[in-house]
Amino acid sequence: MAVRLKTRSAVWAAVVLAIAGTTAGLSWWRASAQADVLRADPDAILRDPRLRSVALTNGKRVFDKHCAACHGPDGRGDITLGASDLTDSDTLYGTGSVAQIEEIARYGIRAGNKHGWNLAVMPAYASKVPDAAEALPPQSPAQIEDLTQYLLSFTGRTTDVSAMKRGITAYTKAGCWDCHGRDLGGDPAIGAPNLTDAVWLYGGRPEDIRRTLQRGRAGKSPAFARVLTAAELRNVAVYTASLAHPGQETK
Amino acid sequence: MSKQPPLASDPQVAIWDIHQPVGRRSMLLAAAASLIGLAIAGYGLFTAQGTRTAAVPAEDAALVNNVPILRADLIAQITALYSVPLAQTTLAQRQKVLEDMIREELYVQRGIEMGLSNDDIDVRQALVQATEGQIAQDAMTSKPAEDELATWYGSHMEKYASEGLVTLHEWLVPRGSDGQQAVAALRKGAAPASLGLKTTGRVDDGEEFYFAAEQHLGEPLFAIARKMEDGTVSAPIPMPDGLHILQMIRNKRPVTTPYAQARDQVLADFLADKVARLQAGNQRFLKKRADIKIASDLK
């Protein structure tokens, strides 16, 4: 009886020790990998299998909880909120690097944090004072139609050529070029979108464009500086970047 | 020794026999327990959020009097200064930027030590703005539920109406002519020129938004215009320069924008309202918590 007790206890002790040891080992491994994720050049993480696996696993969890509500569970965005599609290589701000995404996750866009992006909004041209920061002329319904026809021309959808031609002049007179550029290519330094491609933050139907020009737009991405830890912010940035570079993820 | 209960003959068996007290077993268990305790405490101490130890935490580039300088902020400054990705900068370049950031942190800390946060006008304004900004920032981090947004839209629908559109004429009745007669003739379809009416030139650009027509006509006349139906003519309106007549061609009243098309604005307004309420609440809280003494002549 005493001997049976002894072996049984020994087996139990071994099992408990093994579990404790594995748990401790795993959490140490995770903690050290996470620390390495934080110390690494953010834009080198996706190329390092060990760091990538830690960052992507944890980053997906953060994304699902804090970003998916606006950017969609798959990151494809939401045109009714103007939440960017994060899976394409088209970026409003900067070049889409992990470091830049992390900055957006931490400090936000138009989110009340001065570190964040907050340089321009799309003016509401159907109002007395289209823009609070810059003196810009309000536009008449006809001018807004001309501008819409002009913007539609870049994707071959103009239905009124003479309105389109008037739109070219209106684009200059209304000061659009100041933010979107003379070539309408946009400005990643202030988040003004490219107006010549088929990528639309708020939808590219004629009525969407009219609504944008008339009432303005100012999408906000929240600043998570005080909500998420440094590790969570880094992980979610790496995960978000991986959505736009699926190639790197499977390499 | 002799007073203790008799020990089992085989000590190896006895130590695992929980029915028998064994001094060595107690010691072993106590030692194991304290080791586990120490390990847990140590793990907690070195990994807990916000713990500052002698070592620089992984997310920080430096600690200045225990105030962290984030690696992420350092990277942002390095890449902004040299306009190349981090990987293309040298250690010397990174160190230089870090040195500048440490200098800034030292000066900020010294400034606070000297009470500049109270004295300097710019610092005071920046602090007020930053405190307000912080509240706004925190309010935005959770997206409101869809039914909250829909309810807000439902109770503020007029905010999401389109801007109304008008196309109209504004005629000036020549001095000495009968305004009532001119109106009656216009209503019968007479040509304005045949009645000697002249346009005021204020609304001749065709279709206009309400806000523009209001600017051009002035508030009193626009208030009349916005109520007119298509194809109607107003009564003569006395103005300082004579009688005016409004002739409405087309009045497209504002129409409510469907929720799906107003959703971005609904979210923005909902959050702005939440922020305003939080700011007010914060102000009440600060006042309640503070000890404010006001001179008797100013009470």
- So, relative contact order of chain B in percent, Cα under 8 Å, 6 or more apart, is 15
- Residue separation times 0.36 nm, minus the C-alpha to C-alpha distance between B:A33 and B:R253: what's the value? 71.3 nm
- Query: Dipole of segment B:107-183, Cα-centred, from +1 at each Lys and Arg C-beta and -1 at each Asp and Glu C-beta, to the nearest 20 debye?
  - Reply: 200
- Message: Taking 2.2 N^0.38 Å as the expected size of a compact globular protein, what ratio does the Cα radius of gyration of chain B give against it, to two decimals?
- Response: 2.04
- Item | Relative contact order (percent, whole number), chain A, Cα cutoff 8 Å, 6+ residue spacing | 29
- Ranked by GNM mean-square fluctuation in chain A (Cα springs under 10 Å), the top entry among A:D183, A:D36, A:D131 is A:D183
- Task: Report, to the nearest 10°, how far helix A:206-215 tilts away from the longest principal axis of the Cα atoms in chain A, using its own Cα long axis and a range of 0 to 90°.
- Result: 90
- Message: Filter A:K165/B:K227; A:K60/B:K96; A:K165/B:K198; A:K220/B:K274; A:K128/B:K227 down to the pairs with a C-alpha to C-alpha distance above 24 Å, please.
- Response: A:K165/B:K227; A:K60/B:K96; A:K165/B:K198
- Item | Of the GluC sites (Glu not before Pro) in segment B:142-250, those whose Cβ has at most 16 other Cβ within 10 Å and which sit in DSSP loop | B:E229
- Query: What does the average come to when, for each residue of peptide A:58-71, you count the partner chain Cβ atoms lying within 10 Å of its Cβ?
  - Reply: 1
- Averaged over the residues of B:137-146, the number of partner chain Cβ atoms within 10 Å of each residue's own Cβ comes to 6
- Value in Å of the Kirkwood radius, where segment B:60-114 supplies the Cα pairs that are averaged: 11.7
- Query: the protein assembly as shown: percent of C-alpha pairs farther apart than 41 Å?
  - Reply: 47
- Note on the structure: Taking Cα atoms only, helix A:141-153 is inclined relative to the longest principal axis of chain A by an angle, in degrees rounded to 10, of 60
- What Rg and what Dmax come out for segment B:210-280 when only alpha-carbon atoms are used, in angstroms? 18.7, 53
- Give the dimensionless ratio obtained when the Cα radius of gyration of segment A:141-215 is divided by 2.2 N^0.38 Å. 1.00
- Percentage of Cα-Cα pair distances in segment B:43-199 greater than 19 Å, rounded to whole percent? 78
- Task: Compute the semi-axes of the equivalent ellipsoid of chain A, taking the square root of 5 times each eigenvalue of the Cα gyration tensor, and list them largest first in whole Å.
- Result: 52, 17, 15
- Query: Counting alpha carbon pairs within less than 8 Å and at least 6 residues apart, what relative contact order, in whole percent, applies to segment B:162-252?
  - Reply: 46
- Query: Under the rule of -39500 (n - 2.57) per DSSP H run of 4 or more residues, summed and divided by the residues of the protein assembly as shown, what mean residue ellipticity at 222 nm is obtained, to the nearest 500 deg cm²/dmol?
  - Reply: -16500 deg cm²/dmol
- Item | Rounded to 10°, Cα long-axis angle of helix A:98-107 versus longest principal axis of chain A | 80
- Message: Positive end of the dipole of segment B:60-114, charges at C-beta (+1 Lys, Arg; -1 Asp, Glu), about the Cα centre: which of B:L70, B:L91, B:Y107 has its Cα farthest in that direction?
- Response: B:L91
- Task: Mind putting a number on the dipole of segment B:162-252 about its Cα centre? Charges go on the C-beta only, +1 for Lys and Arg and -1 for Asp and Glu, and I need it in Debye to the nearest 20.
- Result: 340
- Message: If R₀ is 45 angstrom, what is the calculated FRET efficiency for the pair B:D291 and A:T57, using the beta carbon separation as r and rounding to 0.05?
- Response: 0.35
- Query: Equivalent-ellipsoid semi-axes (√(5λ), Cα gyration tensor) for segment A:25-137, whole Å, largest first?
  - Reply: 36, 15, 12
- Could you state, as a whole-number percent, how many of the C-alpha pairs of segment B:165-299 are farther apart than 26 Å? 49
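Laboratory data are not the source of any read-out in this text; all were calculated from the coordinates shown. Since the model is a prediction, treat every value here as computed from it, not as a measurement. Because the Cβ atoms are built from the backbone with ideal geometry, glycine has one as well, and the counts that use them run over all protein chains shown.
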